[in-house]
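Notes follow once the structure below has been shown.
A short reminder: the numbers here are calculations on the coordinates, not readings from a lab. Note that the structure is a prediction, hence the values are computed from the model and not measured. Cβ placement follows ideal geometry from the backbone for every residue including glycine, while neighbour counts extend to all protein chains displayed.
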Amino acid sequence: MNTVPHWGIFITEPMILGSDVMIVLTSVAIVFALTKFKKWGWLWREWLTTVDHKKIGIMYMIAALLMLFRGGVDAELMRTQLALPNLSFLDAEHYDEIFTTHGTIMILFMAMPFVFALFNIVVPLQIGARDVAFPYLNAISFWLFFFGAFLMNISFVIGGSPDAGWTSYPPLSELGFSNGPGQNYYLLALQISGIGSIATGINFLVTILKMRAPGMTLWRMPLFTWSVLATSILILFAFPALTIALALLLLDRTLGTHFFTMLHGGNPMMFINLFWIWGHPEVYIVILPAFGVFSEVISTFSRKATFGYGSMVFALVAISIVGFLTWVHHFFTMGAGADVNTFFAIATMVIAIPTGVKVFNWLFTMYRGRIRMTLPMMWAVAFIPCFAIGGATGVMLAVAPADYQYHNSYFLIAHFHQVLIGGTVFGMIAGMYYWWPKMFGFLLDERLGKWAFWFFNIGFYVCFLPQYALGLMGMTRRIYTYPAGLGWTVPNFISTIGAYLMGIGFLFIVWQVIYSVKYGERDVTGDPWDGRTLEWSLPSPAPHYNFATIPTIEGRDAWWMAKQGQLDKNAFLPKKSDIKPIHMPKNSGRPFILSICFFIIGIGLVFGVVPFDVIGGLGVAFCMFRRSFEYDTDYYIPVDEVIHTESALGRLQG
Amino acid sequence: MTTLAHNNVEHHHGAGDHVHVDYPERPIEYQTQDGALKILGFWVFLATDLILFACLFATFIVLRTHTDGGPTGKELFDVPIFTAETLILLTSSFTGGLATFEMHRGHRNRVIGWLIITALLGLSFVGLEVNEFVHMAMEGATMQRSAFLSAFFTLVGTHGCHVSLGILWMTGIIIQLFQRGITPITARKVYIVNMYWHFLDVVWVFLFTIVYLMGVM
């Protein structure tokens, strides 16, 4: 095997040298700050070893925002290079690396952790649970994601990034065409974080099925929790296919097998099938939770129950089933034959039906509602036209014969950015604004948020609408430059301006967060939006055991019903006589250490250093055996402590 | 983690561990809420593992004729060997079931005995498989030879790795049974490792049919 890194690249490339310097300076600053303010112990006790779903959710969200920045910088670099014809801002090799890391990071290391952040922050509070079903496993999921993302991100400065596209198709991604460690980084980073994703799917499926408060039947469950349930099922059935696709490609590259090679009977199309058997459900994995957010936000800020609750649930389930029958539409041009293409074309179009049902239900929820245009609501409202256009162009792409024209053109690029940004990113930002006070106890500043909203939204259309035209004019994806005189210059230049506007929008969000930490309105009620679901019955932020006593749920949107006087509001407050010792999981440093061991295995496989694999493997085995023999895993919070906390919050009854 | 249960009952089992029991009326492995959650979680995990194997089977079926002029299954597979492997693994599933049976009757030593027999049968299965692999490699049928052999070794080897992990895991649980006896926690562990073991048996039935029987046909 031949994975000699281009060590020379370390110092000769100005961009990489710049990144090196930035990384070293940032690391030194963090170490200095932690040491100066004596925060190492705090970091370890409160964050690195935590099994609390709320803290894990916050860590996921911070990581997602950082990765949004990283992926966004990649995007701005690409748009800068494409702003005008014949630019040499980036060379072909760098451009390839950057579009690969942009796609990989945005999907796997931005959208996924953002989705998991909301899973963690919201679901236990919404169903009346004190944590997820497997808190220790939840910590493992997070740290595996974290070290997977870390592995992906260091590739740029150590040895070179992957450059075969985020889909990593063989034979280009095979050893013969992608020498060096870049492609290995991709495979290992996705594999390590993917294990964590499967574990998260198991965790939330069991949590939602088994840990709901008494009285909360499935038909009384909030729609966000329903979307998480549907998403968990998608994760469980989709991710193993990715695991296998990545593993077999890694075997090809490291052990010289012939799964996807051109020689000795290998079949590259097999990878593409396996990849998209995961990859198509994956886009629903990141969109369904956003749908859940919109259902919560639109209902709350229209002061109405969601229109057509049952059909909303039906639509989520239908999308998660039919979503598994559409993967071939990513490669209609493979030539699978008219019959196969027809099946997958129709299945793809069928998805538009449940999606359309959801869009109409959101509109009817707003209809005659008392609408409040708060920040989360603005993003939800902006989502609807954006996603409708993205969906319509999706149906255009689903027409198999026409797809031969659009395939791999900028038309496709515009389409999937419109659904992924207009759907997932808008949804995650809406969710972040909506649940921010529940996480941190203060609201994010409206004025700065509006600046962010308008910059990002206007920027979005300026950036991506010209790309539809570019696609129809023949511009294909993944080209690093183009000649003048094709008519592509003006749309490309406009698109780049849009990308910069979106970047300014993101900077406003950063400014908004920093500003609001100090000046943001404090949430003293725990219910700043006049919400409908259970999490708003708790103080902000919620105590670490969430519910001192578990309320009995007697209707859909029970907290809203209680506020309307239809149910007893006192049922949501703890009575002194009802408080019992609370059973909680103990913190553990092992998920963090276990994930470091996986990271060491990853480095070993990336560079073909067998001792690293052995050390990492033994570390993983040791951690798992220690866990198996560990019986002292939980503790009880004494009644006095619960009473003390609850009375300090002014919630204690009787 | 545990949320609802407050009517905890102190149980005294085996070596005297204090285990909080939430549902005394249920079978022992389901008596703690944590145990019930973990068993359901493991069922879900097995579903994902099944999909993992399904993808490997799909890859094998696509590539099984891609022998690149090299050896075919018909030339390589040894009927007595893979029949013996099958019988050994099926028997080990039965002895694993007997361990669970004795666990419900509260006989710690018999549980340990049956688990040791199960693990030994698993070990002899792995031994036969390693022997088969080495033989094939000696004849030049390595996983680098053709796409068919890449798929064969990966599919069968993944199953073999699962069985090997199961043996290590079972050994850990046998030690815990020695230390702690049958408690709702160790019972849950015995139950789950047996679920895993039976699952591997089911996968093997498909391997036996699709890889070996259809290979020698």
Other-chain or far-sequence residues with amide H under 5 Å of A:ILE582's (modelled H): A:ILE637
Relative packing of peptides A:53-65, A:335-347 - highest average C-beta neighbours within 10 Å first: A:53-65, A:335-347
Chain A: angle of helix A:309-322 to the longest principal axis, Cα-based, in degrees nearest 10: 30
For the range A:209-337, with +1 on Lys and Arg beta carbons and -1 on Asp and Glu, the positive-most of A:ALA247, A:MET211, A:LEU263 along the dipole: A:MET211
Given chain A, longest segment not containing exposed loop GluC sites (Glu not before Pro) (DSSP; at most 13 other Cβ within 10 Å): A:1-520
Rg over Rh [alpha-carbon atoms, Kirkwood Rh] for the range A:324-436: 1.07
Distant-in-sequence amide H partners of B:HIS20 (H built 1.01 Å from N, under 5 Å): none
Under-5 Å amide H pairs with A:GLN653, H placed in peptide plane, nonlocal only: A:LYS575, A:LYS576
With Cα atoms, 0 to 90° folded angle of helix A:112-127 axis to chain A main axis: 20
Principal axis box of the range A:286-528, alpha-carbon based, largest edge first, Å: 61, 47, 28
The range A:434-585: Cα Rg divided by the 2.2 N^0.38 Å rule of thumb: 1.64
Neighbouring partner chain Cβ atoms per residue of A:253-266, average, 10 Å criterion: 6
Of the trypsin sites (Lys or Arg not before Pro) in the range A:251-344, those whose Cβ has at most 15 other Cβ within 10 Å and which sit in DSSP loop: A:ARG303
Förster radius 60 Å - calculated FRET efficiency between A:SER27 and A:ARG447, Cβ distance, rounded to 0.05: 0.95
Net +/- balance of residues flanking A:TRP166 in space, Cβ distance below 13 Å, scoring K and R +1, D and E -1: -3
Unit charges at the beta carbon, dipole of the range B:9-216: most positive-side option, B:GLY215, B:TRP204, B:LEU76: B:TRP204
Nearby lysines by direct alpha-carbon distance to B:LYS189 (threshold 17 angstrom, same-chain neighbours under 8 apart not counted): B:LYS38
Karplus (6.51, -1.76, 1.60) ³J(HN,Hα), θ = phi - 60°, over the range A:161-175, in Hz, Gly and Pro reported as x: 7, x, 9, 9, x, 5, 8, 6, 5, x, x, 4, 7, 6, 4
Formal net charge of residues neighbouring A:LEU223 (Cβ-Cβ distance under 14 Å; K, R +1; D, E -1): +2
Residue among A:GLY423, A:PHE291, A:ALA558 farthest towards the positive dipole end of chain A, charges placed on Cβ: A:ALA558
Simple Cβ-charge dipole of the protein assembly as shown, Lys/Arg +1 and Asp/Glu -1, about Cα centre, in debye nearest 20: 2240
Table column - 3J(HN,Hα) (Hz), the range A:23-29, Karplus curve with 6.51, -1.76, 1.60, x for Gly and Pro: 5, 5, 4, 4, 4, 4, 4
Radius 13 Å from Cβ of A:ARG372, net charge of other residues (Lys, Arg +1; Asp, Glu -1): +1
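Would you order A:LYS36, A:LYS586, A:LYS563 from fewest to most other beta-carbon atoms within 10 Å of each residue's own beta-carbon? Please report the intermediate quantities before stating the final value.
On the way: A:LYS36 8, A:LYS586 14, A:LYS563 18.
With the sparsest Cβ surroundings first, the list reads A:LYS36, A:LYS586, A:LYS563.
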For chain B, built as a Gaussian network whose Cα springs stay under 10 Å, the top-fluctuating residue of B:PHE148, B:PHE53, B:PHE206: B:PHE206
